Amino acid sequence: MFNFEKKNVMDTLIRMKVDDLNESLIDFLRVSFKGKSMEVHILEEEPEMDETEFVLSDPIARERILNAVENINQNKNLKEYTLEEINSFLNDAGK
């Protein structure tokens, strides 16, 4: 399966996964561009990062997160809040 979008009369962009490449694409191109010259441009996309990789890619955020995890593991620099304190904080933040 492949999708294509016509950008204008002479420019067509086809986006697909390599695993979807088959004879039907070649047939489509032959019929669609019969008698015309065409150019094929291959662009290998970078794999997408998940949220954790994205956040950890920032050196400052990475250091803060890893320090916080270490603090939790060592049970130090922890703060405790009551449910009322949390609710009060959330209510104040919404004002």
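The values are calculated or read from the model by the stated rules, or taken from the named source; none is laboratory data. The model shown is predicted, which means the values in this text are computed figures rather than measured ones. Here the Cβ positions follow ideal geometry from the backbone for every residue, glycine too, while neighbour counts run over all protein chains shown.
Sort through 80, 63 and tell me the only one that's surrounded by 10 or more Cβ atoms within 10 Å (Cβ to Cβ), free of Cβ contacts under 8 Å to residues at least 12 places away in the same chain and of a type outside the set (Gly, Ala, Ser). Working first, answer last.
Working: 80 fails: surrounded by 10 or more Cβ atoms within 10 Å (Cβ to Cβ).
Every option except 63 fails the conditions.
In segment 26-70, which residues are in contact with a helix residue (DSSP H, G or I) (Cβ under 8 Å, 6 or more places away or on another chain) and outside the structural domain of residue 11 (by TED's automatic domain parsing)?
Restricting attention to segment 26-70, the residues satisfying the condition of being in contact with a helix residue (DSSP H, G or I) (Cβ under 8 Å, 6 or more places away or on another chain) are 38, 55-56, 61-62, 65.
Within segment 26-70, 55, 56, 61, 62, 65 qualify.
May I ask you to list pairs of residues, at least six apart or on different chains, whose Cβ atoms are under 6 Å apart, with the first in segment 1-30 being at positive phi and at pLDDT 85 or above and the second being exposed (fewer than 13 other Cβ atoms within 10 Å of the Cβ) and of a type in the set (Val, Ile, Thr)?
Note: no pairs meet the criteria.
Out of (1) closer than 30 Å to residue 13 by Cβ; (2) part of a loop (DSSP other than H, G, I, E, B); (3) not charged (D, E, K, R), the odd one out for residue 77 is which?
So residue 77 meets the others, but not (1).
So, in segment 14-31, exactly how many residues are hydrophobic (A, V, I, L, M, F, W, C), assigned to a loop (DSSP other than H, G, I, E, B) and surrounded by fewer than 12 Cβ atoms within 10 Å (Cβ to Cβ)?
Start the filter on segment 14-31 by keeping residues that are hydrophobic (A, V, I, L, M, F, W, C), which leaves 14, 16, 18, 21, 25-26, 28-29, 31.
Those still in the list that are assigned to a loop (DSSP other than H, G, I, E, B) too: 16, 21.
In the following step, the residues that additionally are surrounded by fewer than 12 Cβ atoms within 10 Å (Cβ to Cβ) were identified as 21.
Qualifying residue count, segment 14-31: 1.
Given the conditions (1) within 31 Å of the chain's Cα centre (by Cα); (2) surrounded by 10 or more Cβ atoms within 10 Å (Cβ to Cβ), and given that residue 86 satisfies all but one, which numbered condition is not satisfied?
Answer for residue 86: the failing condition is (1).
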